[in-house]
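Asker: Would you mind keeping the following structure in view while I ask a few things?
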Amino acid sequence: MATIGIDIGGTKIASAVFQPGSSEQLFPKTTATPHEPTLFIDTLVEHITRLQTKEPNVAAIGIATAGVVDSVQGEMLGSTGNLPALNNIPSLRKVIEARCKLPVFIENDANAAAYGECRSGAGQGCADMLMVTLGTGVGTGLVVHNQLVRGAHFFAGEGGHIAISMNNDRKCTCGRWDCWEAYASGTGLTQTIRQTLRQLMPAARTPFWKQFDDIESRTTHDLFAGMAAQDPIALQIVDTWHEHIAAGLGSVVNLLDPAMVVIGGGLCQFVDLTQLLRLTRPRSMNANLKLVKATLGNHAGMVGAACIAWEKTASKQPELSLSDSAVY
Ligand SMILES: [Zn+2]
């Protein structure tokens, strides 16, 4: 029996069918995310009914979404500004189950991505794994003894909001000061770029940066172009960014002691693992800290959601042995 995996993002909804134990996407499709609740539900149902037509042998649906998710009840406890439609849908699980007649399981996207990497990606075979997702924000997902850790109120994965300074230097999007995310995320890195350029006298800027008139419009895109061109200021900012990542990572590792840390997200391709390990080890109690990069790319959430749906459904079916669900 296959499962459907769906990833709901602020701009896109992606879906595919997955066979047990496989991260291969079957019949994948991506559409824009509607912001009007009725259209949002209709679009989700269209994704599901299309996949049910392609693969009639579907046992359950797993949905990964941004925001704080009560994965027991299948309800959103806190949406993000990027997904306004979800603020007006009391129980996403009940609505989709009523329309599609299949069991539905909902998970926070950072948790789902961590679970996907643990079961079918970079962390395969590792029972205690931390995933750090570096994108617009910083997400963390923790798997302990092969189980996702969600916390008493379902926000155990919000590790991006640990404070890495007490100086009130930089305000985070959550409203607090000096969160890890305010430095290590794409949003934080953009601030570091502009702050660095602001502090440099125009004459001290290298030719790469002198080509831009407006330093307040510079982004990570410019930074990584400068890094590829071996511009010394760009390289210095990238070094600082690695120090910012290490500052939070060392603390998180000391608290959780994972066997492996998987670095994922859209910015992970720019992370130098050797440099990050060199900067993190002095901050960590674990002298043999293991860092690897994620392998499932932006499909990790979908894979993890499909996997959770399969395991939860399989565990209720007495004809399936425990080993069947354990290996997936
Ligand atoms: Zn924060």
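Asker: Would you work out the Kirkwood radius for segment 1-68? I mean one over the mean of 1/r across all pairs of different Cα atoms, in Å.
Answerer: Kirkwood hydrodynamic radius for segment 1-68: 12.2 Å.
Asker: A further question on this structure: In terms of solvent-accessible area of protein heavy atoms at a 1.4 angstrom probe, what is the ranking of ARG50, ARG283, highest value first?
Answerer: The ranking, largest first, comes out as ARG283, ARG50.
Asker: Moving to a separate point now. Considering the Cα positions of segment 102-149, please state its Rg to one decimal place and its Dmax as a whole number of Å.
Answerer: Gyration radius and largest Cα-Cα distance of segment 102-149: 10.9, 33 Å.
Asker: Still on this model: On the full set of protein chains, 1.4 Å probe, figure out the accessible area of GLU46 and give it in Å² to the nearest 10.
Answerer: Counting only protein heavy atoms, the figure is 120 Å².
Asker: Something else now. For a quick check of your reading of the filter: which trypsin sites (Lys or Arg not before Pro) in segment 129-181 sit in a DSSP loop and have no more than 14 other Cβ atoms within 10 Å?
Answerer: ARG176
Asker: Let me ask something else about it. Based solely on C-alpha atoms, express the radius of gyration and the Dmax of segment 179-328 in angstrom.
Answerer: Answer for segment 179-328, Rg first and Dmax second: 20.4, 73 Å.
Asker: So, one more: Please work out the FRET efficiency for the pair GLN124 and GLN147, using the Cβ-Cβ distance as r and a Förster radius of 22 Å; give the result to the nearest 0.05.
Answerer: Computed FRET efficiency for GLN124 and GLN147 comes out at 0.90.
Asker: Which value, in Å² and to the nearest 10, is the accessible area of THR133 when all protein chains are kept and the probe is 1.4 Å?
Answerer: Number for this one is 40 Å².
Asker: Apply the Kirkwood formula to the chain: the hydrodynamic radius equals the inverse of the mean of 1/r over all pairs of different alpha-carbon atoms; give it in Å with one decimal.
Answerer: Kirkwood radius, the chain: 20.7 Å.
Asker: Checking the table LYS12/LYS290; LYS171/LYS290; LYS29/LYS293; LYS12/LYS293; LYS94/LYS171; LYS29/LYS312 against a 28 Å threshold on Cα-Cα, which pairs fail?
Answerer: From the list (LYS12/LYS290; LYS171/LYS290; LYS29/LYS293; LYS12/LYS293; LYS94/LYS171; LYS29/LYS312), the Cα-Cα distance tops 28 Å for LYS12/LYS290; LYS171/LYS290; LYS94/LYS171.
Asker: Counting DSSP beta bridges with both partners in the chain, what percentage is antiparallel, nearest 5?
Answerer: Bridges in the chain that DSSP calls antiparallel: roughly 55 percent.
Asker: Counting alpha carbon pairs within less than 8 Å and at least 6 residues apart, what relative contact order, in whole percent, applies to the chain?
Answerer: It comes to 22 percent, rounded to a whole number.
Asker: Cα-based Rg of segment 54-183 per 2.2 N^0.38 Å, rounded to two decimals?
Answerer: Here the answer is 1.17, to two decimals.
Asker: Work out the FRET efficiency for GLN199 and PHE155 from their Cβ-Cβ distance, taking R0 = 25 Å, and round it to the nearest 0.05.
Answerer: Efficiency at R0 = 25 Å is approximately 0.10.
Asker: Further question: Could you order LYS29, LYS12, LYS312 so the one with the most accessible surface comes first? Probe is 1.4 Å.
Answerer: The ordering from most to least exposed comes out as LYS12, LYS29, LYS312.
The values are calculated or read from the model by the stated rules, or taken from the named source; none is laboratory data. Everything numeric in this text was worked out from a predicted model, so none of it was measured. All Cβ positions, even for glycine, are placed from backbone atoms using ideal geometry, and neighbour counts span all protein chains on display. Side chains included, ligands, DNA and RNA excluded: accessible areas come from the protein's heavy atoms. Shrake-Rupley method; radii C 1.70, N 1.55, O 1.52, S 1.80 Å.
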